[in-house]
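See below for the structure under consideration.
Coordinate-derived values only; no laboratory data. Since we're looking at a predicted model, the values are computed, not measured. Ideal geometry is used to build each Cβ from the backbone, glycine not excepted, and the neighbour counts take in all protein chains shown.
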Amino acid sequence: MFSILSNIPRPLLFGSGVAAVFGLAGLIKENNGGQKYRSDVMIEDKVVIITGANTGIGKETAKELAWRKAKVFMACRNMKKCEAAREEIVLETKNKYVYCRKCDLASMDSIKKFVEQFKKEEKRLDILINNAGVMRPPYSKTRDGFELQLGVNHMGHFLLTNLLLDLLQQSAPSRIINISSIAHKRGKINKEDLNSDIKYDKAEAYAQSKLANILFTLELAKRLEGTGVTVNAVHPGIVDTEINRHMSFYNSWVAKIFIKPFIWPFIKNPRQGSYSVVYLACKPELEKETGKYFSNCEEDFVSDLAKDQSLRTWLWAVSERWTRLKETKDVMS
């Protein structure tokens with residue numbers, strides 16, 4: 001055996017070893033990517049809105065639903081990036097019914113304009129995917145004065161969803177899918193400083209916003225019982241997307257050389273991150289499943305705080321007041 005190996009040139013041995021390592025890493029990554037929804041079910045009669053659909057999980061979800069013949073509206077802040085992503089999706093899927101629409105979740109005015117335009121164009125909405133998000137940015141506020149993570153991840157989607165509820169109910173059975181995170185399990189709702197005006201910890205603020213996603217999901221599901229509109233949340237996994245751009249150490253040269261190569265097999269790519277979202281959007285058997293939290297295409301457990309009905313009620317009341325939901329509905333009706 002050793003005599004045979006000794007006759008093989010060292011560069012060839014080295015190359016074979018490297019190829020084997022990369023092959024093994026690829027297999028591990030594919031295995032850790034989670035379960036893909038493999039049904040060939042088509043949703044050609046469905047109208048879908050996906051926020052933050054120009055990149056990452058949102059883009060991959062838009063592409064997969066376009067493959068399945070849905071009419072997809074990409075609700076994005078950056079129109080240049082959105083148009084580039086839309087063109088790519090249309091060319092790849094041959095589905096011309098993919099559209100870009102301006103919607104900045106950090107601006108209540110932008111959200112209202114998006115809803116007004118959408119309702120002029122469409123008389124139904126079958127699937128709303130609240131995907132857009134921001135993670136651990138430096139302290140900043142939205143145009144309306146919300147801490148950025150709370151504003152984009154929760155308040156913006158709270159307002160958007162409520163303003164689209166009439167269309168969703170008219171189109172029932174319909175689905176709302178909220179992208180949350182396993183981070184919600186370490187999250188707390190700071191009633192004394194919800195907006196981080198006194199103290200800002202970017203990790204705590206992110207976890208709080210993800211817990212808010214779950215509380216919103218469960219409370220809305222309760223309020224929509226019997227309407228035919230389902231509401232579920234999903235943890236897409238640990239995914240390498242642009243949402244990590246504010247994590248300076250993760251994006252440093254040290255991490256790129258000494259950390260990322262070793263953790264790469266265990267982190268999902270955006271396509272893998274979209275698996276559970278597509279599963280919730282398309283699987284016919286989930287038509288009546290509501291008020292649940294999913295991970296890797298399976299129902300998962302939420303934190304004890306997420307089960308607190310008084311906390312859900314409190315957050316809903318605050319969100320309703322801060323977004324001026326009732327006044328907005330009166331003006332837009």
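List of remarks:
- Separation between Cα centres of the stretch 116-172 and the stretch 43-79, rounded to whole Å: 15 Å
- A simple packing score, the average count of other Cβ atoms within 10 Å per residue, orders the peptides 311-320, 123-132 as 123-132, 311-320, with the highest score first.
- Residue-wise HN-Hα couplings along the stretch 53-68, as the Karplus relation 6.51 cos²θ - 1.76 cosθ + 1.60 with θ = phi - 60° gives them from phi, are 8, 8, 7, x, 4, x, 5, 5, 5, 4, 5, 5, 6, 5, 4, 8 Hz; Gly and Pro carry x.
- Here the extension length gained between ARG223 and GLU327 equals 35.5 nm, from 0.36 nm per residue of separation less the Cα-Cα distance.
- Cβ crowding within 10 Å ranks SER333, SER181, SER196 as SER333, SER196, SER181, fewest other Cβ atoms first.
- Our estimate of slack between LYS283 and GLU299, defined as 0.36 nm per intervening residue step minus the Cα-Cα distance, is 4.4 nm.
- Each of ASP40, ASP300 has some number of other Cβ atoms within 10 Å of its Cβ, and from fewest to most they run ASP40, ASP300.
- Cut-off 20 Å, label 7 Å out along Cα→Cβ of LYS191, residues of the stretch 307-324 by amide N: 307-323
- Stretch gain in nm, segment GLN309-GLU122, where the contour uses 0.36 nm per residue and the Cα spacing is subtracted: 63.8 nm
- Between SER140 and LYS80, the distance separating the two model label sites (each 7 Å from Cα on the Cα→Cβ line) works out to 1.6 nm.
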